[in-house]
Amino acid sequence: MITDITKRKVALFIKDMYTKANIGNGGNATSPNATDLDVPILTTKQTTTNTESDDTTIDFAVSFSGSSLQGNTVREIAFFSDTMPTDTNFDELRTTTSYTPEGDDVMLARINFDAIGPVTSSDTLDFTFTMEVE
């Protein structure tokens, strides 16, 4: 059992830590070992707007301009940390082989879906990803 207060703290950590998103056109199944999108479209990740639906539920919202995606078909989205924390409590995250070093993006989740597109320059793609800590 995880206590309610710990669930809340984990949710707040995730909300504050994972503030970037990117989209791609790779469409295969997701893997828990993945560290990036299969085929990223953008070289610069977009900033997300993260809000709380309740104490343990986080909504990640992000918009992508069609002008930066023109002609592409989108099949995947992923959410990333901006950078790893510098607090010494997170040394294990920075040094274990399952995580990337400080300063590199760490992927929270990758979601594949039915193709959207081809995208035109006048389109705007809005995504919302909801995550609950249980």
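The values are calculated or read from the model by the stated rules, or taken from the named source; none is laboratory data. Remember, predicted model here, so these are calculated numbers, not experimental data. Counting neighbours? That spans all protein chains shown, and the Cβs are built from the backbone with ideal geometry, glycine included. Each accessible area value is taken on the protein alone, full model and side chains, heavy atoms only, with ligands, DNA and RNA left out. Shrake-Rupley method; radii C 1.70, N 1.55, O 1.52, S 1.80 Å.
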*Could you please let me know if residue 47 is among the hydroxyl-bearing types (Ser, Thr, Tyr) and under 24 Å from residue 134 (Cβ atoms)?*
no
*Can you name every residue in segment 4-29 that is modelled with pLDDT of 90 or more and among the aromatic types (Phe, Trp, Tyr)?*
18
*Can you tell me which residues in segment 40-82 are in a loop (DSSP other than H, G, I, E, B) and either among the basic types (Lys, Arg) or open to solvent by less than 10 Å² (accessible area, probe 1.4 Å) (or both)?*
45, 69, 81
*Output the residue which, of all residues in segment 110-133 that are in contact with a Ser or Thr (Cβ under 6 Å, 6 or more places away or on another chain) and acidic (Asp, Glu), is farthest from residue 61 (Cα to Cα).*
132
*Which residue pairs have Cβ atoms under 8 Å apart, sit 6 or more places apart or on different chains, and have a first residue in segment 45-74 that is without any contact (Cβ under 8 Å) to a residue 40 or more places away in the chain and within 20 Å of residue 24 (Cα to Cα) and a second that is open to solvent by 30 Å² or more (accessible area, probe 1.4 Å) and part of a strand (DSSP E or B)?*
46/20; 46/63; 47/20; 48/20; 48/61; 49/61
